[in-house]
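In what follows, a single structure is set out as structure tokens and then discussed.
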Amino acid sequence: MKGEQRPWPRTVRLALLLALLTVAGVGMVVLLRAEGFLTVSGVFVAMIVGPVVVLLGRLWLHRRWTRCRRDLVERLPGFRLDLERERVLAVVARSTGASDEALDTAIAALSEAKRHFAACQDSAGAAGVTTCAQRISDEWASGAAITRQARGLAKQARLLARLQTRAKV
């Protein structure tokens with residue numbers, strides 16, 4: 001519908017609320033300090049600003065983890081399609097120099113990783129992608145586009161694992 005208004009995302013609303021509370025709290029401390037009611041205002045400002053900074057950091061980290069997960073999951077089907085295209089070619093025509101068994105193993109590993117992501121087992125999915133990509137990097141031609149793409153997927157999977165550990169999602 002044309003006139004329908006969508007609310008802002010939850011993280012944006014929380015960030016704005018925290019910013020408003022911070023500005024109001026700091027303003028109140030400054031006013032009380034100017035009137036002589038507070039002699040040591042730095043402690044109160046730290047008490048107000050500290051938790052806000054921590055909460056905003058947690059929101060940012062969770063949002064970054066969510067984006068990284070979404071991007072990795074969206075890249076997996078395209079990579080699998082590239083592997084299947086490579087599988088159709090004759091062994092001598094493949095840029096990777098991979099055997100049929102190696103391609104089948106990589107496709108199966110990606111399917112398993114995708115199932116883990118679908119079941120919200122992100123650490124197992126990221127580990128599967130990293131293992132598959134490492135095997136591809138080690139065994140296949142290093143200059144092939146698929147090998148470079150596998151390295152990119154592995155890098156993103158390792159980042160996802162680190163973010164998940166830090167965010168404790």
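At 18 angstrom or more along the helix axis (alpha-carbon based) and mean Kyte-Doolittle of 0.5 or higher, what helices does the chain contain? Whole DSSP H runs only. Result, helices passing both filters: 10-35. So, with a 1.4 angstrom probe, what is the percent of accessible area on the range 76-117 that is carbon and sulfur? Summing carbon and sulfur atoms, their accessible area is 60 percent of the total for the range 76-117. Accessible-area rank, largest first, for Glu4, Glu112: Glu4, Glu112, with all protein chains present and a 1.4 angstrom probe. A 1.4 Å probe run over the protein chains yields, for the range 10-58, 72 Å² of accessible area per residue, whole-number rounding. Residue-normalised convex hull volume from the C-alpha trace of the range 25-86: 70 Å³ per residue. A 1.4 Å probe, protein heavy atoms only, puts the accessible area of Cys68 near 10 Å². Only loop residues by DSSP count here, and only those with at most 15 other Cβ atoms within 10 Å; note down the trypsin sites (Lys or Arg not before Pro) in the range 108-169 that meet that. Passing both the DSSP loop test and the Cβ count: Lys168. Estimated at the nearest 10 Å², the accessible area of Ile48 is 50 Å² with a 1.4 Å probe.
Taking the three principal axes of the alpha carbon atoms in the range 60-168, the coordinate ranges are 47, 25, 18 Å, sorted in descending order.
Cα extents for the range 10-58 along the principal axes, largest to smallest and rounded to whole angstrom: 39, 15, 7. Counting only protein heavy atoms and using a 1.4 Å probe, the accessible area of Trp60 comes to about 140 Å². The calculated 222 nm mean residue ellipticity attributable to helices in the chain amounts to -28000 deg cm²/dmol, summing -39500 (n - 2.57) over DSSP H runs of n ≥ 4 and dividing by all residues.
The values are calculated or read from the model by the stated rules, or taken from the named source; none is laboratory data. Keep in mind the model is a prediction, meaning the values are calculated, not measured. Backbone-built Cβ (ideal geometry, glycine too); neighbour counts: all protein chains shown. Ligands, DNA and RNA are stripped out before the accessible areas are found, and what is left, the full protein with its side chains, is counted by its heavy atoms. Shrake-Rupley method; radii C 1.70, N 1.55, O 1.52, S 1.80 Å.
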